[in-house]
């Protein structure tokens, strides 16, 4: 886990979907954590990762695929 996220009812670990080195974190979120919810694909980014194995990206879902997965499975 590279961090935690706190919600009303729970605290959860943040786990990267790929292996690698964190090269930047979004320090703006410290003062405005709501940005994660308000603009997750823009200003709400959390970390930037230099992937150690770029082929891992081939197994990731697109945003649309993930939304469908969540709706169907969970």
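Computed over the chain, the per-residue total of -39500 (n - 2.57) for DSSP H runs of n ≥ 4 gives a 222 nm mean residue ellipticity of -5500 deg cm²/dmol, rounded to 500.
Quick one: divide the alpha-carbon radius of gyration of segment 3-73 by 2.2 N^0.38 Å and tell me what you get.
Compared with the compact-globule rule of thumb, segment 3-73 sits at 1.23.
Counting alpha carbon pairs within less than 8 Å and at least 6 residues apart, what relative contact order, in whole percent, applies to segment 3-73? Worked out over segment 3-73, it gives 29 percent.
Just so you know, all these numbers are worked out from the coordinates, no wet-lab data involved. No experiment lies behind these values; they were computed from the predicted model shown.
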